Amino acid sequence: MDEKPLTTNRPSKRVAEHYNAIPVVNIESRKDSVIIGLKRFNNWLKAVLISGYTRRNDYILEIGCGKGGDLIKWAKIRVKKIIGLDIAENSIQEATTRYSTMKFKSFDAKFYTLDCFKYTISSVIEPEDYKADVVSAQFCIHYAAESEAQFRMLLKNVSDHLRPGGYFIGTTPNAYWLTKKLASVEGTKFGNSIYSVDFEKKESDEVFGRKYVYSLVDAIDSCPEYLVHFPTFKKLALEYDLKLVKKQPFHEFYNESITHRAHIDLLYRMKVVEENKKTISLDEWEAIGKVFVLN
Ligand SMILES: C[S@@+](CC[C@H](N)C(=O)[O-])C[C@H]1O[C@@H](n2cnc3c(N)ncnc32)[C@H](O)[C@@H]1O
């Protein structure tokens, strides 16, 4: 990789350190997490989103793929190829291990450690992997909103590697919900028993770099995140030939999805809902409201 990064400031290093430090948790211990309901819900939501925009034999490019938590979701659709990229080296190692130990593999996969908001993806991937049918960025777009230059690099990377007519799908915190919550409290901090949000400033006109520190029990420990200003997102995306098709808050996506029998069945199969058992708590449901789906 011979390109210079756009900026060398610290927050993205903090993000990489944060995700590098998260231990791998086995399925048994995962069940004991106080946010197991939220984790399962997020997985269900991603499974529904992915199934809506991906077809058999598709080539997928995953930005911020983490430890490969979506590999099984892609396998169920029988995609042909996955290229996964993430800033956290440890997560890429874990994703590689998960892929190599997967029993049912419908696809080839390659993983790369890369800051996708400072470098071009073409600086690391092979030319034969340049054009994807679907680019997916789950729960990571908000890190790019640290600066306009980083957000533009995200959009350039998506646009450069998406074939004409392909889909960019993602999930990211809902800036409207967050700023409404902020306005409703005294000071800069709010949350409940499972999450906390602490804004750097109460008032701000910043379109990029609008920082808050986010914690979620058992998942995220004081990690910097940035509001994604949607009108700007939509406007800049057009400059990169990306047209917004749909965006929805998580609660709305859920309400729409459960009008389909298959998605209700999946809620049970993925144990989001279990007969005679506690499922999602009110505090988890509130935290779920923090997020948007887009495509
Ligand atoms: C909340 S995790 C989501 C992981 C995965 N997409 C999922 O849904 O399970 C956010 C991921 O974004 C990655 N990330 C953050 N900034 C990044 C950057 N500049 N370039 C690439 N990945 C980044 C983090 O390392 C982390 O793995």
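Values in this text are rule-based calculations from the coordinates and carry no lab data. Just so we're clear, the structure is a prediction, and the values are computed from it rather than from any experiment. In this analysis, Cβ positions are derived from the backbone assuming ideal geometry, glycine residues included, and neighbour counts consider all displayed protein chains.
Scalar couplings 3J(HN,Hα) for the stretch 204-218, obtained by applying the Karplus form with A = 6.51, B = -1.76, C = 1.60 to θ = phi - 60°, are 6, 9, 4, 8, 10, x, 7, 8, 9, 9, 10, 10, 9, 3, 6 Hz; x denotes Gly and Pro. Apply the a/c threshold of 1.5 to the C-alpha gyration tensor of the stretch 39-87 and tell me whether it is rounded, prolate or oblate. Cα axes put the stretch 39-87 in the oblate bin. When only Cα pairs below 8 angstrom with a gap of at least 6 residues are kept, the chain shows a relative contact order of 19 percent. So, counting K/R as plus one and D/E as minus one, what does the shell of residues with Cβ under 12 Å around Phe292 add up to? It works out to a net charge of +2. Computed from backbone phi with θ = phi - 60° and the Karplus coefficients 6.51, -1.76 and 1.60, the 3J(HN,Hα) list for the stretch 142-156 is 5, 6, 6, 6, 4, 8, 4, 4, 5, 5, 5, 5, 4, 5, 4 Hz; x is used for glycine and proline. Volume per residue for the stretch 43-122 equals 88 cubic angstrom (convex hull of Cα atoms). Within the stretch 80-154, the ratio Rg/Rh, alpha carbon atoms throughout and Rh by Kirkwood, equals 0.98. With only the Cα atoms considered, the stretch 124-276 has a convex hull volume of 172 Å³ per residue.
The alpha carbons of the chain stretch over 51, 47, 35 Å along the principal axes, in descending order.
The length gained by stretching the chain between Glu17 and Lys202 to full extension, at 0.36 nm per residue less their Cα-Cα distance, is 63.9 nm.
The amide H of Phe111, built 1.01 Å from its N in the peptide plane, has Gly84 as neighbours under 5 Å, considering only residues 5 or more places off or on other chains.
Sparse packing (at most 14 other Cβ atoms within 10 Å of the Cβ) combined with a DSSP loop state is found for the following chymotrypsin sites (Phe, Trp or Tyr not before Pro) in the stretch 47-118: Phe104. The gain in end-to-end length when the Glu252 to Glu186 segment is fully stretched comes to 21.0 nm, 0.36 nm per residue minus the alpha carbon separation. Taking a straight Cα-Cα cut-off under 15 Å and skipping sequence neighbours fewer than 8 places away in the same chain, the aspartates and glutamates within cross-link reach of Lys13 are Asp86, Glu89, Asp115, Glu146, Asp221, Glu225.
Which links in Lys67/Lys243; Lys31/Lys290; Lys31/Lys277; Lys156/Lys211; Lys181/Lys211 stretch past 21 Å when you go from one Cα to the other? Cα-Cα > 21 Å for Lys67/Lys243; Lys31/Lys290; Lys156/Lys211; rest within.
For the stretch 89-106, the Karplus equation 6.51 cos²θ - 1.76 cosθ + 1.60, evaluated at θ = phi - 60°, returns couplings of 4, 4, 5, 5, 4, 5, 4, 4, 5, 4, 4, 5, 9, 5, 6, 9, 10, 8 Hz by residue, with Gly and Pro reported as x. The order of the peptides 185-198, 256-269 by mean Cβ neighbours within 10 Å, most packed first, is 185-198, 256-269.
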